[in-house]
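Comments concern the structure below.
The values are calculated or read from the model by the stated rules, or taken from the named source; none is laboratory data. Given the structure is predicted, the values throughout are model-derived calculations rather than measurements. Positions of Cβ are backbone-derived with ideal geometry, glycine not excepted, and every protein chain shown enters the neighbour counts.
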């Protein structure tokens, strides 16, 4: 089955990398462990909270890889002398990834009662306007600054 691209409009230039991000998200969206919440904290703050009961801080790793926030968990090996009659608490390793928009910063990560909180900050976007100078045909070159692009206010 072929997926129709939502970014194939001739008015949307340079968005092909979004296509790859959407494919990556689709592959990881079926994962359900560990469960998580995403909250809005103030005007520019976000918080991701993962339920990681049974994991210590030493068993968890939070990293930023390209534009992804990646959380990995791996518990230490069980004591071979322990005999479980029922094992309902998950002890498996996991990897959970979140794609970050450009400009989002990871501020900190804290553990509290089996919950891993990761605070993010999304700066407010600045409005940028540029004016492109129109020149007579044949006078512009492609050697850097000779294209007539100037910054406006």
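Which of the residues spanning region 99-112 are over 12 Å from residue 46 (Cα atoms) and either part of a loop (DSSP other than H, G, I, E, B) or modelled with pLDDT under 95 (or both)?
99, 101, 102, 103
When the residues of region 121-139 are filtered to those that are surrounded by 11 or more Cβ atoms within 10 Å (Cβ to Cβ) and under 25 Å from residue 65 (Cβ atoms), which remaining residue is modelled with the highest pLDDT?
Per the stated criteria, the residue is 121.
State yes or no: is residue 71 in contact with a strand residue (DSSP E or B) (Cβ under 6 Å, 6 or more places away or on another chain), touching a residue at least 60 places away in the same chain (Cβ under 8 Å) and within 30 Å of residue 124 (Cα to Cα)?
The answer is no for residue 71.
Hey, does region 113-120 have a residue that's touching a strand residue (DSSP E or B) at 6+ places or on another chain (Cβ under 6 Å), modelled with pLDDT of 90 or more, within 21 Å of residue 32 (Cβ to Cβ) and not in a strand (DSSP E or B)?
Among the residues of region 113-120, not one is touching a strand residue (DSSP E or B) at 6+ places or on another chain (Cβ under 6 Å), modelled with pLDDT of 90 or more, within 21 Å of residue 32 (Cβ to Cβ) and not in a strand (DSSP E or B), which makes the answer no.
Could you please tell me which pairs satisfy a Cβ distance under 7 Å, a separation of 6+ or placement on different chains, a first residue in region 86-98 that is in a loop (DSSP other than H, G, I, E, B), and a second residue that is modelled with pLDDT of 90 or more and crowded, with 17+ Cβ neighbours inside 10 Å?
93/73
Residue 76: part of a loop (DSSP other than H, G, I, E, B) and without any contact (Cβ under 8 Å) to a residue 40 or more places away in the chain, yes or no?
Criteria met by residue 76.
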